[in-house]
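The values are calculated or read from the model by the stated rules, or taken from the named source; none is laboratory data. What you are looking at is a predicted structure, and each value in this text was computed from that prediction instead of being measured. Counting neighbours? That spans all protein chains shown, and the Cβs are built from the backbone with ideal geometry, glycine included. The accessibility values were calculated without ligands, DNA or RNA, using every heavy atom of the protein model including side chains. Shrake-Rupley method; radii C 1.70, N 1.55, O 1.52, S 1.80 Å.
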Amino acid sequence: MPTDSTALLRDLVLPMLEQELVPIVQLGHPALRREALPFDGELDAAELDALVALMRRVMHAAPGVGLAAPQLGIPLQIAVLEDTFDAGAEASAVRERSPLPFFTIINPRYEADGDETAEFFEGCLSFEGYQGVVRRPRSVVLDYTDLKSRPRMERFSGWQARIVQHETDHLFGTVYVDRMLPRSLCSNAEYARRWAAPGISEAQRILGF
């Protein structure tokens, strides 16, 4: 028999599945600051597939390279990731950015794979209009469950590792601004005007971070 919390969660999620798109909640919404619940069969396979499809549509429409369930106000440890954006050859090389095929992570955990770190600007669909530089492990090992309920362990590096960390953090109530170098925060307009070079050295020098 479903628990009260499961029933409440289903009452939240199931109406969303009937919609083409739903809003992304913004910073200040409580769902972004709470640790999400590990997924434990609260949705059946068809419902879970429908939720993942909805999350993918919302991610594409934004557009973004990842979306976590709490960003829709859903307190479950589920996220979708996909990066097919063309940043250009030079920027892709400097940022170690390569295509990331679509996949879903359920109940993920990551650990740094080595001591190297990397810094670059990040934005967030739940903090529209701004970007800031975040220092993160350059490579990580991610443990997660896939959509077929299979345990998986994969290593990611470069920009892929950044996406993995950003989305997994959302599932534990952490937003990139919590890890950001504060003096790097800028509007999207100022980023595009001044700091969209492949690297961040000029922004570091002038903004002083």
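At a glance:
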| item | result |
| --- | --- |
| The chain, dipole about Cα centre (Lys/Arg Cβ +1, Asp/Glu Cβ -1), debye to the nearest 20 | 640 debye |
| Extended-chain gain in nm, criterion 0.36 nm per residue less alpha-carbon gap, A62 and R194 | 45.2 nm |
| Sulfur and carbon atoms: percent of accessible area, the chain [1.4 Å] | 52 percent |
| Label-point gap, in nm, between E202 and F102 - each point 7 angstrom along Cα→Cβ | 3.6 nm |
| Positive-pole candidate from A161, S149, G199, dipole of region 53-209, charges at beta carbon | S149 |
| For region 111-209: accessible area per residue (Å², 1.4 Å) | 51 Å² |
| Helical contribution to [θ] at 222 nm, DSSP H n ≥ 4, -39,500 (n - 2.57), averaged over the chain, rounded to 500 | -8500 deg cm²/dmol |
| Solvent exposure, largest accessible area first (probe 1.4 Å, DNA, RNA and ligands not counted), of E167, E20 | E20, E167 |
| Region 48-162: C-alpha gyration tensor shape, a/c 1.5 cut-off, then a/b vs b/c | oblate |
| Nearest-0.05 FRET efficiency for F85 and S149, computed from C-beta distance (R0 41 Å) | 0.85 |
| Table column - 3J(HN,Hα) (Hz), region 42-55, Karplus curve with 6.51, -1.76, 1.60, x for Gly and Pro | 5, 10, 6, 4, 5, 5, 5, 4, 5, 5, 4, 5, 5, 4 |
| Whole-Å distance, taken between Cα centres, linking region 107-140 and region 43-64 | 23 Å |
| Protection proxy ranking of 83-89, 152-158, 61-67, 116-122 - average other beta-carbon atoms within 10 Å, highest first | 61-67, 116-122, 152-158, 83-89 |
| For the chain: relative contact order, % (alpha-carbon pairs under 8 angstrom, 6 or more apart) | 20 percent |
| DSSP-assigned coil residues among trypsin sites (Lys or Arg not before Pro) in region 31-70, each with at most 15 further Cβ atoms within 10 Å | R34 |
